[in-house]
Amino acid sequence: MMQIMQTYGIVESVMKRAHNKSLWPRIEPLLAQVERPSRYINGEYGAVHYDAVDNDGDAGESDQAAAVASLLNVGLCYPASYELGQSNQALHILYDQVNQIEGIAAQRTFLPGEDLSARLREEQIPLFTLEDYTALCDLDVLGITLPHELVFPAVLEVLDLGGIPIRSADRTEDMPLIIVGGPASYNPEPIAPFVDAVFLGEADGGALQDILVSLRDMKAAAGDALPSRAQTLEALAQIPGVYVPTLFDAGKQQAPITRRVSQDFHSASFVPSCLLVPYAEPIHDRLTVEVRRGCTRGCRFCQAGITYRPVRERSADQIVATAVSGIERTGFDEVSLTSLSTTDYSLIEEVLMRLKRRFAGTGVSVSIPSLRVDNFSIDLARILADRGTGASKKSSLTFAPEAGSQRLRDVINKGVDEQQLIDTVAYAFEHGWHRIKLYFMIGLPTETDEDVAAIGDLVNMVLHTAREAALPSKRGGIQISVSVSTFVPKAHTPFQWEPQLLPEETLRRQKILQDAIPRKGVKLSWHDAEGSFVEGLIARGGRDIAPLIEEVWSSSQGAIAYVDNFDFSYWQTAAANLDIDLTTLINRTVDTTSSVVLSGAHKREVEESYPLPWQHLSTGVSIDWLRDEAAAAIAGDFTPDCASGDPADCSNCEACDNLDVDVRLATEEG
Ligand code: SF4
């Protein structure tokens with residue numbers, strides 16, 4: 001009988017390290033030599049361990065060996081530090097759901113710190129999982145989350161450290177299957193040669209079960225290993241949402257491969273059976289409860305706005321029950337209600353009020369990650385401001401107007417105006433807040449220097465309003481932070497055909513911005529111009545970007561895997577070595593001679609000479625709708641939010657029909 005053990009402390013966890021392939025004896029001596037060994041010591045509260053016991057409750061050696069051999073060993077990898085990975089909500093969901101499937105063990109692994117990576121290489125010890133220190137190369141399956149494009153070199157580093165050849169073509173039959181998924185997998189072509197399969201969509205709600213149960217049963221039928229890679233991949237390619245690049249290339253998988261969504265997100269119980277509480281402090285040290293999936297506000301630059309359609313909401317009862325159970329079981333003192341746009345959740349005020357009552361006097365706070373300018377209601381502000389929820393006025397309010405001028409906000413379909421922002425700021429500062437964070441972008445399609453300068457004008461207005469409205473006691477402490485990123489056109493969005501700024505032009509516009517933003521009272525920060533350039537290069541790249549990623553990774557000797565080590569010169573040198581012109585590559589789907597958006601006819605011309613690398617993959621949203629939205633951007637036409645509850649607001653993107661799922665909003669009735 002196989003039994004899941006949840007361990008609650010290091011002593012018990014050490015006792016569970018019975019796996020005969022455990023690397024623990026070799027890893028333990030290294031931990032005293034590296035920073036933050038708590039990243040690697042396992043045994044966190046809520047961690048799940050498999051232990052084999054016979055029917056008498058004793059772990060007989062033969063029973064144990066047989067049981068371990070028949071388990072499908074699945075590694076779940078977040079290719080960044082433990083602190084970042086443990087903060088990832090999807091990892092918690094997957095860890096919980098995989099461990100609930102009979103005969104499958106999920107174990108976590110992260111990109112180790114540079115110091116441990118070096119020691120592992122020196123000692124020739126492969127990268128390992130946390131739960132039982134299995135070498136990654138000994139797993140059956142390694143699932144890797146791709147949170148954004150800049151982690152692609154880190155994926156290669158994880159594979160190499162784990163003793164797995166980085167190119168799938170070089171892997172032998174005994175190597176694990178590498179399956180990637182997550183936000184940056186909607187254009188997987190730049191990473192395709194390094195992976196075996198790509199999952200498109202939401203893994204919870206059935207897809208994960210389909211994939212892993214199929215693999216588990218194949219392993220059980222074949223003995224103690226999966227059948228041949230070719231056979232296994234052919235079976236996986238039959239599962240909706242799974243893309244196998246080698247089979248597609250061989251004509252054995254047909255386009256479109258369509259994104260999978262959770263059909264019962266709104267109704268499924270989502271109180272997880274295991275909740276991890278890390279030893280090493282994660283970036284987000286709190287309980288997270290997902291209240292809503294999807295955002296159909298329709299910002300035309302936003303990939304998540306496309307890849308999570310349509311909107312589905314959980315009931316207020318479910319959310320409150322999950323938050324209460326989670327807090328009781330973990331001891332966290334903060335619960336964050338998450339979604340792409342939490343304040344759009346239909347019953348947000350009711351949920352906040354109920355949680356406020358439930359956690360009164362316990363010191364537990366409730367937070368919301370970001371707010372929209374146009375739905376920051378007075379009631380919501382009052383609830384958030386109340387110390388009973390813990391979200392005190394000391395915390396900052398975050399808004400994302402994205403563009404400085406109304407014209408450009410119309411181009412991107414932002415749907416908010418200057419007056420709404422000013423009114424919101426005035427209200428917030430009148431009621432005691434004194435910190436505000438504003439997000440903007442530069443380089444959006446059709447942007448002019450006047451649009452960039454308009455960001456400065458808007459920030460000036462916000463500062464003036466804040467000073468006028470702030471309570472006298474708070475005036476000295478007003479803090480306005482302005483964060484400016486560079487627009488990166490993403491696959492599957494209405495702006496997928498638009499040009500991206502080259503680094504020199506980004507720097508020129510950043511200078512305009514710097515001159516336009518008031519120096520006193522405002523803290524200005526921006527994304528690195530070259531980092532955004534590389535992000536864009538990969539985001540719209542084809543299979544031919546893969547050698548570049550590999551060259552950058554190998555020439556940096558793995559250093560580029562660490563985001564803090566980003567150095568554009570690695571990319572420039574690698575491009576020169578491979579005879580690649582980066583500036584041509586980044587905008588090859590657009591007319592680089594023009595700074596304006598292409599006409600529809602010209603776009604089609606460009607597409608014929610260079611088809612979009614992701615055109616065989618579908619998010620469920622029709623390409624005609626994307627074209628219409630691109631045209632609406634130029635006309636400045638507004639597309640309404642289809643989650644308004646009014647069917648007349650459906651703009652017929654076709655996601656609901658193609659994915660066989662409907663908009664679901666929470667109501668008082670449930
Ligand atoms: S089909 Fe209509 S309702 Fe469904 S996501 Fe698209 S626009 Fe919204």
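Any read-out appearing in this document is the output of simple, stated calculations on the displayed coordinates, not a laboratory observation. Computed from a prediction, not measured in an experiment: that's the story for all the values here. Cβ atoms come from the backbone with ideal geometry, glycine included; neighbour counts cover every protein chain shown.
Structure notes:
- Test item: Cα-centred dipole of segment 284-370, Lys/Arg +1 and Asp/Glu -1 on Cβ, debye: 300
- If the chain linking Q124 and M461 were pulled fully straight, counting 0.36 nm for each residue of separation and taking away their Cα-Cα distance, it would gain 115.4 nm.
- A simple spin-label model places the labels of A225 and Q572 4.8 nm from each other, with each point 7 Å out along Cα-to-Cβ.
- The ranking of C656, C642, C302 from fewest to most other beta carbons within 10 Å of each one's beta carbon is C656, C302, C642.
- For the chain, the residue among Q500, P245, A576 whose Cα projects farthest onto the positive side of the dipole built from Cβ charges is Q500.
- Amide H within-cut-off set for L524, under 5 Å, with H built and near neighbours excluded: V482
- Put a plus charge on the Cβ of each Lys and Arg, a minus charge on the Cβ of each Asp and Glu, and nothing anywhere else: the dipole of the chain about its Cα centre is then about 1780 debye.
- Space enclosed by the convex hull of the alpha-carbon atoms of segment 541-588, per residue, Å³: 75
- Each of N460, S367, S525 was scored by the projection of its Cα onto the charge dipole of the chain, and the greatest displacement toward the positive side belongs to N460; charges sit on the C-beta of Lys, Arg, Asp and Glu.
- Of K414/K490; K474/K511; K414/K520, those spanning more than 20 Å from alpha-carbon to alpha-carbon: K474/K511; K414/K520
- Cα centroid separation - segment 312-330 against segment 397-429, whole Å: 32
- Mean sequence separation of contacting Cα pairs (under 8 Å, at least six apart), scaled by the length of the chain, corresponds to a relative contact order of 13 percent.
- Helical runs (DSSP H, four residues minimum) scored at -39500 (n - 2.57) apiece and divided by the length of the chain put the mean residue ellipticity at 222 nm at -10500 deg cm²/dmol.
- Rg/Rh, computed from the Cα trace of the chain with Rh as the Kirkwood radius, has the value 0.96.
- Listed by Cβ neighbour count within 10 Å, with the fewest neighbours leading, I478, I383 appear as I478, I383.
- Label reach from D637 (point 7 Å along Cα→C-beta): in segment 278-298, amide nitrogens under 19 Å belong to 297-298.
- Ranked list, fewest to most other Cβ atoms within 10 Å of each Cβ, for K437, K252, K414: K252, K437, K414
- Taking label points 7 Å from Cα along the Cα-to-Cβ direction, D264 and D249 give a separation of 3.9 nm.
- Ratio of the Cα radius of gyration of segment 393-538 to 2.2 N^0.38 Å, where N counts its residues: 1.08
- Cα-centred dipole magnitude for segment 204-334, charges only on beta-carbon of K, R (+1) and D, E (-1), debye, nearest 20: 620
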